[in-house]
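Below: one structure, written as structure tokens.
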Amino acid sequence: MAKAAAIQHACSECGYTTGKWLGKCPACGSWGTLVEERIAAVPKGAAQAAGRPLLRLVEVEAGDAERIPTGVAELDRVLGGGLVPASLVLVSGDPGIGKSTLLLMALRSLSADRRVLLVTGEESAAQVKLRADRLGGGADVHILAETNLDEVCATLERERPDVCVIDSVQTLYAAELGSAPGSVAQVREAAGRLLRVAKESGIATILVGHVTKDGSVAGPRVLEHLVDCVLQFEGDRYHAHRILRAVKNRFGSTNELGVFEMTGAGLVGVPDPSALFGKTEDGEVGAAVACALEGTRPMLLEVQSLVSPTDLAMPRRVGTGVDPKRLAMIVAVLGRHAGVALGGADVFVNVAGGVRIDEPGADLAVALAIASAAKGTRVREATAAFGEVGLTGRLRPATQAERRLEECAKLGLAAVVAPSGSPAHGKLRVEQADTVRRAIGVGVRGADQGEQAKARR
Ligand SMILES: Nc1ncnc2c1ncn2[C@@H]1O[C@H](COP(=O)(O)OP(=O)(O)OP(=O)(O)O)[C@@H](O)[C@H]1O
Ligand SMILES: [Mg+2]
């Protein structure tokens with residue numbers, strides 16, 4: 001009697017294996033991550049692997065690894081200069097953010113001198129055609145509307161295009177697995193098979209991936225480990241601007257970001273993003289620029305404030321995009337330690353673009369915006385700020401100062417108000433301040449000449 005193949009269940013987060021299926025992984029505590037795996041039985045008498053001859057690195061012939069420019073400048077910038085042949089890139093983002101649009105634009109310009117293929121599982125060929133017409137024509141893009149993984153792989157091996165886009169990896173299914181498309185096992189199988197085809201046939205492959213509610217790529221974590229490059233496409237549904245970031249890149253830096261604007265004719269690159277996020281209106285009172293870290297990624301955001309006299313016994317402190325408790329604390333510190341009395345005034349704070357800042361490193365920019373609004377003078381132009389405000393009025397160093405400064409320099413700012421001990425950074429003027437009072441002295445125009453002189457010394 002033939003022996004049934006053994007089945008085990010492996011956690012896609014930590015790799016823990018168990019004989020029976022469990023809802024929660026006993027090793028790492030994740031829910032719903034255990035997936036069924038078949039252990040291939042080794043036939044008796046199978047030939048032992050003989051091992052392969054060794055190569056020294058100097059003898060390895062690196063193929064002509066010239067990059068393929070996609071023709072979308074902002075995308076090339078994030079990829080580190082273009083697509084690397086035979087690499088696997090994962091592009092993830094919220095529904096409707098514009099992933100398909102971005103990649104169709106790239107395919108259109110690539111098709112001028114390369115063979116390109118779009119595998120669409122989400123939309124019919126006619127729907128893609130409609131989008132292509134909106135973007136200005138379909139050009140020479142080949143299209144395959146297919147979700148069967150075997151068919152897709154076979155087509156890729158036969159056609160061997162230079163660049164292939166799979167939209168999306170969650171719609172592919174391998175019939176032999178039995179589970180539904182988009183399940184952990186299916187996504188992992190699809191990515192693994194496509195990786196093999198990409199490397200063997202030299203196809204630069206771009207996978208579109210969905211994200212879960214908390215923003216990580218849906219499907220097993222291994223997907224992120226498998227691919228060479230993970231790009232995240234983010235933005236606010238109510239605003240036209242979109243940001244493309246590299247979360248992982250084996251062939252380039254992950255500090256680059258690309259900025260796009262969604263228009264009726266597709267995504268238009270924004271070569272100077274500082275004009276969007278990093279700059280306040282000239283001469284506007286009550287606006288400061290924060291350099292906040294989102295996870296590990298720095299981002300410049302305009303913080304606006306309004307201070308208006310009130311007759312209320314309990315003046316209002318209203319923050320949109322900032323934590324109300326932190327706002328109350330900053331207002332108290334400003335009153336007690338920085339000479340900005342706000343006892344008889346309502347304070348409103350708003351972070352532009354509908355972004356939410358949870359990070360204490362943005363405190364100083366909030367403080368500067370409020371101080372500027374209260375004093376009626378503006379924050380110095382082309383200046384950003386970061387640093388955590390302590391209860392004693394002292395500025396605490398913010399984490400990853402180097403990365404924040406790099407972001408400010410990249411977005412073309414002239415100066416940054418930062419806690420003492422922050423490193424110098426190229427041409428960027430780093431104005432160090434040890435207290436909130438001094439930071440306001442340096443950051444807000446006409447606030448306190450004495451403090452400015454002291455800070456320079
Ligand atoms: N005529 C138009 N004018 C302006 N913007 C448009 C127009 N048509 C579509 N869009 C924008 O394109 C977005 C959809 O883009 P796209 O289909 O590329 O997103 P996606 O990330 O691929 O979504 P999904 O996850 O559903 O596949 C819409 O949310 C809308 O903002
Ligand atoms: Mg899409």
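Using a Förster radius of 35 Å, what is the FRET efficiency between Ala180 and Ser253 based on their Cβ-Cβ separation? Nearest 0.05, please.
Details: r = 38 Å, r/R0 = 1.08.
Result of the calculation: an efficiency of 0.40.
What shape does the stretch 6-148 have by the C-alpha gyration tensor, where a ≥ b ≥ c are the square roots of the eigenvalues, rounded means a/c under 1.5, and otherwise prolate means a/b greater than b/c and oblate the rest?
Numbers: a/c = 2.27, a/b = 1.45, b/c = 1.57.
In terms of gyration-tensor shape, oblate.
In nm, to one decimal, how far is the Ala414 label point from the Arg429 one, both placed 7 Å along Cα→Cβ?
The modelled label-to-label distance comes out at 0.6 nm.
To the nearest 10 square angstrom, what accessible area does Met329 show with a 1.4 Å probe?
Counting only protein heavy atoms, Met329 exposes about 40 Å² to solvent.
Can you give the extra length, in nm with one decimal, that the chain gains between Thr392 and His239 once fully stretched, where that is 0.36 nm per residue apart less the Cα-Cα distance? Could you put the intermediate results ahead of the total?
Values: separation 153, 0.36 × 153 = 55.08 nm, distance 3.83 nm.
That pair, Thr392 and His239, stretches by 51.3 nm at full extension.
How much of the accessible area of the chain, probe 1.4 Å, is carbon plus sulfur, in whole percent?
Values: 11720 of 22290 Å².
That fraction is 53 percent.
Based on the inverse mean of 1/r over its pairs of different Cα atoms, what is the Kirkwood hydrodynamic radius of the chain, in Å? Write down the numbers at each step before the final one.
Details: mean 1/r = 0.0399 Å⁻¹.
Roughly 25.1 Å, rounded to one decimal.
Can you pull out the trypsin sites (Lys or Arg not before Pro) in the stretch 405-439 that DSSP calls coil and that have at most 16 other Cβ atoms within 10 Å?
On the way: sites: Lys410, Lys427, Arg429, Arg437, Arg438; in loops: Lys427.
When the trypsin sites (Lys or Arg not before Pro) of the stretch 405-439 are filtered for loop state and at most 16 Cβ neighbours within 10 Å, Lys427 remain.
Near the amide H of Ile143, under 5 Å away, which other amide H atoms are found, from residues 5 or more places off or on another chain, if H is placed in the peptide plane?
Under 5 Å from the amide H of Ile143 lie the amide H atoms of Leu118, each far enough along the sequence or on another chain.
Mind checking the full-extension length gain between Arg134 and Ser30? Use 0.36 nm per residue of separation minus the Cα-Cα distance, one decimal, nm. Please report the intermediate quantities before stating the final value.
Details: separation 104, 0.36 × 104 = 37.44 nm, distance 4.30 nm.
Length gained, Arg134 through Ser30: 33.1 nm.
Please list, ordered by chain and number, the residues whose modelled amide H lies under 5 Å from the amide H of Thr435; skip anything fewer than 5 residues away on the same chain.
Here the answer is Leu395, since their amide H atoms fall under 5 Å of that of Thr435.
Is the shape of the stretch 304-390 rounded, prolate or oblate, going by the alpha carbon gyration tensor and its root eigenvalues a ≥ b ≥ c, with a/c under 1.5 for rounded and a/b larger than b/c for prolate? Don't skip to the end; give the middle numbers.
Working: a/c = 1.44, a/b = 1.28, b/c = 1.13.
It is rounded, given that a/c, with a ≥ b ≥ c, falls under 1.5.
Mind listing the phi-derived Karplus ³J(HN,Hα) values for the stretch 367-372, rounded to whole Hz, using 6.51, -1.76 and 1.60 with θ = phi - 60°, and x for any glycine or proline?
Running phi through 6.51 cos²θ - 1.76 cosθ + 1.60 with θ = phi - 60° gives 4, 5, 5, 5, 4, 5 Hz.
Name every cysteine in the chain that ends up alone, with no second cysteine's Cβ under 4.7 Å, or say none.
When partners are defined as cysteine Cβ atoms under 4.7 Å apart, the chain leaves Cys153, Cys164, Cys229, Cys291, Cys408 without one.
Angle, helix 125-135 long axis vs. longest principal axis of the chain, Cα atoms, 0 to 90°, nearest 10?
Helix 125-135 sits at roughly 40 degrees to that axis.
Under 16 Å from a point 7 Å along the Cα-to-Cβ line of Asp358: which residues of the stretch 308-340 have their amide N that close?
So the set is 321-327.
According to a simple spin-label model (label point 7 Å from Cα along Cα-to-Cβ), what is the distance in nm between Thr377 and Leu54?
Going from the Leu54 label point to the Thr377 one covers 7.0 nm.
Taking the chain as the reference, fit the longest principal axis to its C-alpha atoms, fit the long axis of helix 324-337 to the helix C-alpha atoms, and give the angle between the two in degrees, 0 to 90, nearest 10.
30
Using a 10 Å cut-off on Cβ atoms, rank the peptides 366-372, 22-28 from the highest mean neighbour count down. Before the final figure, lay out each step's value.
Working: 366-372: 29.6, 22-28: 13.1.
By packing density, highest mean first, the sequence is 366-372, 22-28.
Given H placed 1.01 Å from N in the peptide plane, which residues other than close sequence neighbours of Val379 have an amide H under 5 Å from its amide H?
Distant-sequence amide H within range of Val379: Gly286, Ala287, Arg445.
Trypsin sites (Lys or Arg not before Pro), restricted to the stretch 317-391: which are DSSP loop and have at most 16 other Cβ atoms within 10 Å?
On the way: sites: Arg317, Lys325, Arg326, Arg336, Arg356, Lys375, Arg378, Arg380; in loops: Arg356, Arg378, Arg380.
Counting only loop positions with at most 16 other Cβ atoms within 10 Å, the trypsin sites (Lys or Arg not before Pro) in the stretch 317-391 are Arg356.
Given a cut-off of 31 Å, name the pairs among Lys129/Lys199; Lys99/Lys427; Lys248/Lys410 whose C-alpha atoms lie farther apart than that in the structure shown. Could the numbers behind the result be given before it?
Values: Lys129/Lys199 29 Å; Lys99/Lys427 36 Å; Lys248/Lys410 19 Å.
Among Lys129/Lys199; Lys99/Lys427; Lys248/Lys410, the Cα-Cα distance tops 31 Å for Lys99/Lys427.
The values are calculated or read from the model by the stated rules, or taken from the named source; none is laboratory data. Only a predicted model underlies this, so the values are computations on that prediction, with no experimental measurement involved. Counting neighbours? That spans all protein chains shown, and the Cβs are built from the backbone with ideal geometry, glycine included. For the accessible areas, the whole protein counts, side chains as well, though only heavy atoms, and no ligand, DNA or RNA atoms are used. Shrake-Rupley method; radii C 1.70, N 1.55, O 1.52, S 1.80 Å.
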